[in-house]
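To start, the structure itself, in structure tokens.
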Number of protein chains: 2
Amino acid sequence: MSLDPFFTPNSVAVIGASTKPHKLGYAVLDNLVNGGYLTEGRQVHPINPKAETILDLPAYPSVNDVPGPIDLAVIVIPYPLVPDALRTCGEKGIPATIVISAGFREAGMEGLQRERELIEIAKEYNIRLIGPNCLGVIDTFTPMNASFSAGLPPSGPMAFMSQSGALGTAILDWAQAGRLGLSKFVSLGNKADVSETDLLLAWQDDPHSRVILCYIEGLPDGQEFIRVARHVSKKVPIVVLKSGVTQAGSRAVSSHTGSLAGSEQAYQAAFHQAGVLRAHSLQDLFDYALAFGYLPPLRGDRIAIITNAGGPGILATDALERAGLRLARFEPECIRELEQFLPDAASAANPVDLLGDAMSDRYRFALDQISADPHVDGILVILAPQALTDIGETARVVSEIAGKVDIPVLTCFMGEAQVKAGTEILEAHNVPNYSFPERAAMVLKGMSTFRGYQTMALPTFETFEVDHTSVRETLDRALSEGRVTIGDAEARDILTAYGLKIPASELAETGDQAVEIANRIGYPVVLKIASPDILHKTDIGGVKIGLQNPTDIRDAFDLITYRAQRYTPEARLWGCLVQKMAPPGLEVLIGMNRDPQFGPLVTFGLGGIYVETLKDVAFRIAPFSRREAEDMLGEIRAHALLDGVRGEPPTDKAAVVDALLRIAQLVTDFPEIAELDINPFIVYEEGLGGISIDMRLVLNPETPQKGLNHEAGPAGRNS
Amino acid sequence: MSLDPFFTPNSVAVIGASTKPHKLGYAVLDNLVNGGYLTEGRQVHPINPKAETILDLPAYPSVNDVPGPIDLAVIVIPYPLVPDALRTCGEKGIPATIVISAGFREAGMEGLQRERELIEIAKEYNIRLIGPNCLGVIDTFTPMNASFSAGLPPSGPMAFMSQSGALGTAILDWAQAGRLGLSKFVSLGNKADVSETDLLLAWQDDPHSRVILCYIEGLPDGQEFIRVARHVSKKVPIVVLKSGVTQAGSRAVSSHTGSLAGSEQAYQAAFHQAGVLRAHSLQDLFDYALAFGYLPPLRGDRIAIITNAGGPGILATDALERAGLRLARFEPECIRELEQFLPDAASAANPVDLLGDAMSDRYRFALDQISADPHVDGILVILAPQALTDIGETARVVSEIAGKVDIPVLTCFMGEAQVKAGTEILEAHNVPNYSFPERAAMVLKGMSTFRGYQTMALPTFETFEVDHTSVRETLDRALSEGRVTIGDAEARDILTAYGLKIPASELAETGDQAVEIANRIGYPVVLKIASPDILHKTDIGGVKIGLQNPTDIRDAFDLITYRAQRYTPEARLWGCLVQKMAPPGLEVLIGMNRDPQFGPLVTFGLGGIYVETLKDVAFRIAPFSRREAEDMLGEIRAHALLDGVRGEPPTDKAAVVDALLRIAQLVTDFPEIAELDINPFIVYEEGLGGISIDMRLVLNPETPQKGLNHEAGPAGRNS
């Protein structure tokens, strides 16, 4: 169902509208009445059983008493009364409600129970619900202020959603000061129904919104968020500030909204896969907002710097390079023109130094030339207020040219007292100005990242031919026997069923049989005790590696059997597994654990003692595409080892990618697999494949058959 | 010689004082005359051969014509006239000059020549010189504005020096807007004489300066900077913004001031060793300046957060934890008091959530309680402008308490339009306010780092008993033979002379002799061809490892000899080196290369293929203390390997530290050693030491015997 009634309703009821100016129920009504909403036959209905009129509007005891339909109800009454009010809204056929009242999930177990009741009622009557425990909703183009914030913020291209109401008030206060222009503002509160995902879908084609900004503390349905954001981010940049990323932060989240914080690695992977730009601080969020809101897209990473000061030019160059961008190399013609116009001591190469006595004419000339150079994708204009600098006129010139050209022009006018004369002009012309060159570089980097997201093809998920049934049987057998750990023998079957290579192996009941098997599969071999009752074979000396000949094998068979009998007399012994020893190669690890918010988080890293210590690993949420799997290989710090160093041949990266994709399919098909580890997976030279040596699975007997069960409400029902 | 005349002169001459208001020579005079300097019998003398009076002061054709002594001369004349003017200053006995004129080192080879002339004259007459190519000098307490900047900035506790004049103008403009309060301001220009180091010495005991801020592009005498800053940073925090750190940035530096940029690693190590706090952006520099300028020192890392909003509280918690700080755990008594006073829904645990309807009384109560809790080292007060928030009164309360308590109180009042009512009050009371919680966390982290620097003992440098003479002879022999690479045999002698352990080895002329040696030193051994003419032994198959018995040795001797004769028939063959093979252990590397600005940069890292790929290394400038060497071991990412992982015993870290210190002594004693590599150095279990296996030295025949030769002038002469 459309979320339009939240933003462009024709009639709004305020349930709990108050006559007392210090009450929230008054503030909401006041914002609706005096915020420009009441035009073109639109109606606002105060609902208050004790009042005749409020703010000159007739008040009704209940929404049922209002003549004609109501599109949106804002509920601002004490929490015990909310369920009944919501039911009445349902009876009246109101499609959308904003519950501002607090006292729900955030207030402990009883509150959670109350919130579940709300969700039930909303489901029953097919009502969409924002909140509870929120600040309200604003649409500056309607215009409508259905919140208790002070005043309507200025219109602009930024759509903002916040899980924290207080953060919302700060954002609105910055907007009031002219720092941001908002199209829509939603305080999501407890997200009993409407979630970030719903708003992404609702806003993706909004003509007024050029960027979507989100403050998120937790995402109940992470997989759904990825699926939706992946598509929306092709159309409009999504910038997310996610809090609660560190351990202490997570504790604060739990006590604050009761939402379950996902692990940092899962969020990192998810945002990347979804094409969502991560803001690492509130300041990042703001700085991105300006650029995405007002600038044309960045089409490449070649940046020109124009400055009247050497030092700041160096700082900007440092920052750009650190951010992974490049200094543009101008066309010879452009450099010639610049050299002719500028004084001798100026630098016509990038960064262009106009010198300390530069007036606006030099800025104009340089901007005209450089913005016309096809080798330039974006321009950063720096100004330091020197003795002769004409700050105001320079700001006018920059604003004029920035408004004409189709590449982003950002500015860094440094200082404040004198420089204000320029920054006010830039702000009025929507030219993003950053006080420090490093901020501008960070923003350009973000624009470049977004360009990468936008040009990347939507992922396609391959499906391999696998033996699903055999895995189903293996898992069911284990679960029916009450086992949650799956050891080598059964894990081998599972991997084989999903097309992963494992070393050849057979069960031998006698030493002679073991020799016969080894003669057939080839030396050297490993012998492992085979028993359903012995899980940790190594601990009892039940494994012997590197056996080169029949004598070694017979000795090992007897030794292992003797030890197993002696240390675990009650164990059923089936004999020994004879396994061909894999030749040496590069050891990597492939793993998976299940994130509570995003589901299967697949890990890739190098194996071995160094890497365990260095934690050099990459993550993706399954399912992922072949390209995403390839990216994982490139993301680890030691990725050069995969390509071969010190003259070694490159490894078979395709085999690793194949294994990652098959594992992703396995853990997607079987949600009961809670953890999985293949360590080591040995990868050989290009073309020679790879093989899983040791593997381990942990099951979760309580996991439902498919997907994640989230109780946060009907958030996903309309997708 | 004291630099006092630059800051508190009794008489100043402006050479090049102009009658024309748009000239710099007018601006400087105007700033002196109208900037409050002319009190208490102080004098300003315009020097201009064509004017009678300027700004109502009598003008003189030359400083020689001025009656009475002159303490400071500011030179603002075209560059060809500067040398003569400087000489005249010398004749007049003026102890200090500021050369504002440009056209020197920054203007190419001829300019460099002119600058050298200035340096000669300054030396001859014992004149201290700031500049050339600079903005001037300001002391707001004298008060004196001997610059061409517009107006005197507000007084305050921050002393600022900048290698970039333009960056200086931006800083002054921020100061004018009330963002910073400056005690002293020096635009260093080309640093022909007075350098950062000189100013650190001059400012370390300045009662008006509570923090020293530096913008640096390059440091000609890095060793001297470390020596001085190490002491000064015990008294006053030094915050440095160093630009030109990336490759592109370095190019910009070279073209900008002609100063040589040091490698990022060397700067990083040097600042750390010197106790200098690194600002990674201009914004960092500012944010640090406020905190160090106005707050009492942070005595621990236990931070309390007081907030009226959950979301921002989480953001702050995240940021603090990411910065390596801790949330304070309050005393039970403190929590009880808070619980009693605050509403039920509030959180009395850290972060303290006063709730959205908190008025100033809750802030006052929480601040009073928490600032008295001995488990709290610093407080961050967060405010989001919610419906009922009394922003102004809360700011007054916070300011009042922050001014009384002896721990740092920082604020984060979020927003702008409404919030301004509070931030202006905070600013007026010198309470550092940061718009974003992440900035405040960064600042607290910096304060904590500075506390670490301040409490750390000054390093003591150990000197080992070594055989200096034998190394001198080895190096002289190599250099006299025109060799710059020193291979295994000679390198062994050098390391032995400095007390490093190397594997036992002896020269064998026959296979039988090799066996006899092996029987004596023990198996297994390595055989290497011994010839002064074969440098790359491995390339011709001249090395055989892992020889276990006499037969292996005889075979290897003949094989190696045959190959050497066959592939290098002209080579003189001395026989084979028989070397005891070291038992396996943890392979690390110890290296050194010489940084052009800081000298010997010693490297420590793990050996092996993974680490080469991962570049997991730590750096220090030699000389360094035992503690600094120990820190190197802890700094690599894989440091856990040194302590033993997976049940392995800890390694002999003391042996590695010992080797690092001996290498530091070696490369300090012999500046002609340009590069050195010990790879691998094998370290064994604790108590069993370590041993250098392969080593290589590269000499620089042109290096002088001692220290660095820097031609930038007499910067270090007064230290």
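All of the numbers you see were taken from the coordinates with simple rules; none came from a lab. Nothing here was measured: the structure is a model prediction, and the numbers come from that model. All Cβ positions, glycine included, derive from the backbone under ideal geometry; neighbour counts span all protein chains shown.
Where in region A:572-588 does the amide nitrogen come within less than 18 Å of the point 7 Å from the Cα of A:Glu509, taken along Cα to Cβ?
Inside the label zone: A:572-578.
Which of the lysines could a cross-linker bridge to A:Lys615, judged by Cα under 18 Å and excluding same-chain residues fewer than eight apart?
Correct list for A:Lys615: B:Lys615.
Please give the net charge around A:Ala319, taking every other residue with its beta carbon less than 11 angstrom from that of A:Ala319, where Lys and Arg add +1 and Asp and Glu add -1.
Net local charge, A:Ala319 excluded: 0.
Among the lysines, which have Cα under 16 Å from the Cα of B:Lys20 when same-chain residues fewer than 8 positions away are ignored?
B:Lys50
Using the structure shown, list the pairs from A:Lys123/A:Lys191; A:Lys242/B:Lys242; B:Lys501/B:Lys653 with a Cα-Cα distance above 25 Å, or answer none. Walk me through the numbers on the way to the answer.
Working: A:Lys123/A:Lys191 14 Å; A:Lys242/B:Lys242 31 Å; B:Lys501/B:Lys653 15 Å.
Listed pairs above 25 Å: A:Lys242/B:Lys242.
If you restrict to DSSP beta bridges whose two residues both lie in region B:1-127, what percentage is antiparallel, to the nearest 5?
Roughly 10 percent of the beta bridges in region B:1-127 run antiparallel, per DSSP.
Ratio of Rg to Rh for region B:44-157, alpha carbon only, Kirkwood?
In region B:44-157, Rg relative to Rh is 0.98.
At a Cα cut-off below 12 Å, give the aspartates and glutamates reachable from B:Lys544, other chains included and same-chain residues fewer than 8 away excluded.
Once the sequence-local aspartates and glutamates are set aside, what remains near B:Lys544 is B:Asp552, B:Asp555, B:Asp558.
Describe numerically, in nm with one decimal, the distance between label points set 7 Å from Cα along Cα→Cβ at A:Thr463 and at B:Asp368.
6.9
Would you mind computing Rg(Cα) / (2.2 N^0.38 Å) for region B:62-121, counting N as its residues? Can you show the working numbers first?
Values: Rg = 11.8 Å, N = 60, 2.2 N^0.38 = 10.4 Å.
This ratio for region B:62-121 stands at 1.13.
Provide, in order from the shortest bin, the percent of all Cα-Cα pairs of the protein assembly as shown in each 20 Å bin, continuing until the bin that contains the maximum pair distance.
In order of increasing distance, the bins hold 9, 29, 35, 21, 6, 1 percent.
Considering the options B:Val543, A:His45, B:Val667, tell which one lies farthest towards the positive end of the dipole of the protein assembly as shown, charges being +1 on Lys and Arg and -1 on Asp and Glu at the Cβ, about the Cα centre.
With unit charges placed on the Cβ atoms, the residue in question is A:His45.
A:Glu473: net charge of surrounding residues, Cβ under 15 Å, Lys/Arg +1, Asp/Glu -1, itself excluded?
Value of the local net charge: -3.
Of all beta bridges DSSP finds with both residues in the protein assembly as shown, what is the antiparallel percent, to the nearest 5? Before the final figure, lay out the partial values.
Working: 108 of 210 bridges.
So the antiparallel bridges amount to about 50 percent of the total.
Provide, in order from the shortest bin, the percent of all Cα-Cα pairs of region B:504-581 in each 10 Å bin, continuing until the bin that contains the maximum pair distance.
Whole-percent P(r) values from 0 Å outward: 23, 57, 19, 1.
Restricting to chain B, compute how many DSSP beta bridges are antiparallel as a %, nearest 5.
Here the share of antiparallel DSSP bridges comes out near 50 percent.
Please provide three numbers in whole Å: the alpha-carbon extents of region A:276-426 along the principal axes, with the largest listed first.
45, 36, 28
About the Cα centre of the protein assembly as shown, what is the dipole size in debye to 20, counting +1 per Lys and Arg Cβ and -1 per Asp and Glu Cβ, all else neutral?
700
Ranked from highest to lowest mean number of other Cβ atoms within 10 Å per residue, what is the order of the peptides B:450-458, B:27-35, A:342-350, B:74-82? Write out the running numbers ahead of the final one.
Values: B:450-458: 14.1, B:27-35: 22.6, A:342-350: 16.3, B:74-82: 20.1.
Highest mean packing first, the order is B:27-35, B:74-82, A:342-350, B:450-458.
Given charges of +1 on the Cβ of Lys and Arg and -1 on the Cβ of Asp and Glu, with all other atoms neutral, how large is the dipole of region A:1-151 about its Cα centre, in debye to the nearest 20? Could the numbers behind the result be given before it?
Working: 11 positive and 16 negative charges, 39 e Å.
For this selection, approximately 180 debye.
Taking the Cα centre of the protein assembly as shown as the origin and placing charges on Cβ (Lys, Arg +1; Asp, Glu -1), which of A:Ala514, A:Pro332, B:Gln513 is farthest toward the positive end of the dipole?
Of the candidates, A:Pro332 comes out farthest on the positive side.
Quickly work out the B:Lys50-to-A:Glu648 label distance, labels modelled 7 Å from Cα along the C-beta direction, and quote it in nm with one decimal.
7.6
How big is the charge dipole of region A:298-455 about its Cα centre, in debye rounded to the nearest 20, if each Lys and Arg gets +1 on its Cβ and each Asp and Glu gets -1 on its Cβ?
Its charge dipole is roughly 540 debye.
Where Rh is the Kirkwood radius over the Cα pairs of chain A, the temperature 4 °C and the viscosity 1.567 mPa s, what D in µm²/s does Stokes-Einstein return? Spell out each step's value before the answer.
Details: Rh = 29.6 Å.
Stokes-Einstein gives a translational diffusion coefficient of 44 µm²/s.
Hey, for A:Thr39 with labels 7 Å out along Cα-Cβ, what do the inter-copy distances come to in nm, ordered shortest first?
6.0
For A:Leu112 and A:Arg227 in one chain, what is 0.36 nm times their gap in residues minus the Cα-Cα distance, to one decimal in nm?
38.6 nm
Looking at chain A, identify the longest residue range that excludes and avoids all GluC sites (Glu not before Pro) in DSSP loops having at most 11 other Cβ atoms within 10 Å.
A:53-464
In the calculated pair distance distribution of region A:536-642, what percentage of Cα-Cα distances lie above 20 Å?
The answer is 60 percent, as a whole percent.
Could you tell me the largest-minus-smallest coordinate of the C-alpha atoms of region A:4-261 on each of the three principal axes, in descending order and whole angstroms?
Result for region A:4-261: principal-axis Cα extents of 52, 41, 32 Å.
Around A:Arg662, under 13 Å between beta carbons, what's the net of Lys plus Arg minus Asp minus Glu among the other residues?
On the way: positive: A:Lys501, A:Arg626; negative: A:Glu462, A:Glu465, A:Asp467, A:Asp658, A:Asp669.
It works out to a net charge of -3.
Report the label-to-label distance for B:Glu481 and B:Arg520 in nanometres (one decimal), using points 7 Å from each Cα along the Cα→Cβ vector.
2.4
Charges on Cβ only, +1 for Lys and Arg, -1 for Asp and Glu, centred on the Cα centroid of region B:4-261; of B:Ser183, B:Tyr125, B:His22, which one is farthest towards the dipole's positive end?
Farthest towards the positive end: B:Ser183.
Region A:605-669 to region A:170-218: how many Å between their Cα centroids?
Between the Cα centre of region A:605-669 and that of region A:170-218, the gap is 37 Å.
How long is region A:1-77 along each principal axis, judged by its Cα atoms, biggest number first, in Å?
Projected onto its principal axes, the Cα set of region A:1-77 covers 33, 25, 22 Å.
Which trypsin sites (Lys or Arg not before Pro) from region B:631-678 combine a DSSP loop assignment with at most 14 other Cβ atoms within 10 Å?
B:Arg646
Pull out the extension gain between B:Ser155 and B:Asn126, defined as 0.36 nm times the separation in residues minus the alpha carbon to alpha carbon distance; nm, one decimal.
Gain on extension, B:Ser155 to B:Asn126, equals 7.3 nm.
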